[in-house]
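To start, the structure under review is shown below, and the notes come after it.
Each value in this text was obtained by applying a stated rule to the coordinates, not by laboratory testing. These numbers were taken from a predicted model, which means no experiment stands behind them. We place every Cβ from the backbone using ideal geometry, glycine too, and count neighbours over all the protein chains shown.
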Amino acid sequence: MILEKKETIKIKERRDRKKAKRRRKILCLSAHIVLLILTFLLLPLNLFVVNFPEWVVALCGGAALALLIFYLIVFRTKVVTKILLPLLSVVIVVLCALVAYCCPYWNSYSFKQVDTVWLNYDEELTYQQAAEDLAAAMRHLEHVHPMFRGGLTPEIQERYDAALGRLKGMQSITVNDLRRELQTVLNPIHDAHTTTYNSWPDDRYLADIPAKRLGGYTIYSVNGRTTEEIVEAAAPYYSYETKDWITVDVGSLAALSFCGYEEPFTFVWKNEEGDMITETYTADDFVSWESLFTSDDAYDGETDIEAESPFVFYEIDEEESLAMLTLTSCNYNDEYIRCVREMFQEVKEKHIQNVAVDLRGNGGGNSLVANEFIKYLPVARYRDVPCDWRWGWFVFSYDGWIKNKQYGDLLFEGEVYVLTDSGSFSSAKDFALIIQDNGLGHVIGIAPANAVNGYGDVALFSLPNSGLLMQISTKKWYRIDETNTDDYVVPDFPGEDALTVLYSVLEAER
């Protein structure tokens, strides 16, 4: 009886040990799976929520693999588990680590709200802080920009060293000083997409601007330099592909400071008749953005009307058989899709023979606006802008060929025109390029200041001490028509006033 009891106890103990071991096995496997899932979830967490170093992903993945090794050594597993589980785990960890170290948007603010400290343009930094920001900018540039897959070029390295030396020699360093030095490094890249933004949390604007504009006056010169001379002098501190892209807001205190101007500021105003007014201002004559728009009711009302204007709308000129689509920003959304469809519906109903897209002053956005427009054109296949997309050590190439998903009920067989100027940038330039190089229509006006064999599709970063926003291109774009050697979208019908040229073309073709 006693022996049977002892045997029963032993059996129970063995059973309990097996249960405990099974629990430990399940716990260990569960912890491994949780770490594996966490490793994967760290990727969208960084892109959309919060920044953290790449090694966090590698550490989490490494912990998952270490736990798996422990699991395989300590516990018995089936042959399938011994092969498939390690293989799957290694693939997931390696891919996640590669994404973290290669993704151009890692620790960027491309897909999340900027929540860093943002110093004003005139706030001071220590040399150490400025040097850290400059070094961070170079790390981002080397990691992201397609030009620097093999590291920074000697010219950029020399520019960086020279900027660092000038900062070290300054008695005091403002955010504007740092930005100016950083721009001297970026300038020779000749990439308008790769640049820093002005630091303007407390920027102020000349309070006299609204009244002068209402009187028909614009700024002719500041401190003895015409606005054209100011732009020319500022060129070394700007990122551009042609100088037509450079604009200096001389009504901004931050911009004046960035260009090296100090108070008192002597402004010369000029109207269309050539009359001039000279006024001298101090920093006290500059007010906040909000105050500027409430300083004059008429001016405030004018800007309110502009603010309420839609980014996309169309007009029909039946006499000229013309539909004009005006697009001030390349926003690809339901409003755009609806507006374009309504226009082509009316074009069909009224038998309109010409459609024009006005992209003057359009600073870009989403290039899908062009693809949506082309769905109404009778082309089965066309080529979008080809590119190389850099992801760290890797490059993904896109040849651009697209099968057109036509809207068969509203196909437009007439003439297509695109109106451009030097302010038609990025996706707006691409719109014109796609139409021209695919032989789908003609470009009218002034060539966009954006090169066809250039860079774009930016990642947005914030420098750690100043908070300066820095955007860097991730893609290298190429001309669609490889036989065309022009560096820019040269209009088929050039002219300063694109609208006048358009009507001249329509009249000549009647």
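Dividing the convex hull volume of the alpha carbon atoms of region 403-447 by its residue count, what do you get in Å³ per residue?
Cα convex hull per residue, to the nearest whole number: 88 Å³.
Out of residues 5 or more away from Val443 or on other chains, whose amide H comes under 5 Å of its own, with H placed 1.01 Å from N in the peptide plane?
Long-range HN contacts for Val443: Val418, Asp492, Phe493.
Say R0 is 45 Å: what FRET efficiency, to the nearest 0.05, do Leu368 and Ala162 get from their beta-carbon distance?
Efficiency at R0 = 45 Å is approximately 0.65.
Have a look at the chain and give its Rg and Dmax from the Cα atoms, expressed in angstrom.
30.2, 123
Take the chain, mark every one of the chymotrypsin sites (Phe, Trp or Tyr not before Pro) that falls in a DSSP loop and has at most 14 other Cβ within 10 Å, then report the longest stretch left between them, sites excluded.
Free of exposed loop sites, the longest segment is 198-392.
If you project the alpha carbons of region 21-115 onto their three principal axes, what span does each projection cover, largest first, in Å?
49, 22, 16
Just the C-alpha atoms of region 112-269: what Rg/Rh do they give, with Rh taken as the Kirkwood radius?
Radius of gyration over Kirkwood radius for region 112-269 works out to 1.00.
Mind listing the phi-derived Karplus ³J(HN,Hα) values for region 94-102, rounded to whole Hz, using 6.51, -1.76 and 1.60 with θ = phi - 60°, and x for any glycine or proline?
5, 5, 5, 5, 4, 4, 4, 7, 10
Across region 135-144, in residue order, what do the Karplus-derived ³J(HN,Hα) couplings come to in whole Hz, using 6.51 cos²θ - 1.76 cosθ + 1.60 with θ = phi - 60° and x for Gly and Pro?
For region 135-144, the Karplus curve yields 5, 4, 4, 5, 5, 4, 4, 5, 7, 10 Hz.
Sort out for me the Cα centre separation of region 206-268 from region 15-93, rounded to whole Å.
Going from one Cα centre to the other spans 59 Å.
Using only the Cα atoms, what convex hull volume per residue in Å³ does region 391-481 have?
147 Å³
Can you classify region 364-441 as rounded, prolate or oblate using the Cα gyration tensor, where a ≥ b ≥ c are the square roots of its eigenvalues, rounded means a/c under 1.5, and otherwise it's prolate if a/b beats b/c and oblate if not?
Oblate is the answer for region 364-441, as a/c is 1.5 or above yet b/c matches or exceeds a/b.
Kindly state, as a whole number, the per residue volume in cubic angstrom of the convex hull around the alpha carbon atoms of region 71-198.
180 Å³
Over the residues of region 86-155, compute the C-alpha Rg and express it relative to 2.2 N^0.38 Å.
Cα Rg divided by the expected 2.2 N^0.38 Å: 1.52.
Please state, rounded to one decimal and in Å, the Kirkwood hydrodynamic radius that region 211-274 gives when every pair of distinct Cα atoms enters the mean of 1/r.
Result for region 211-274 stands at 12.6 Å.
When every alpha-carbon pair in region 327-376 is counted, what percent end up more than 16 Å apart?
41 percent
Need the C-alpha centroid separation for region 358-402 versus region 305-350, integer Å.
Using only Cα atoms, the two centres lie 21 Å from each other.
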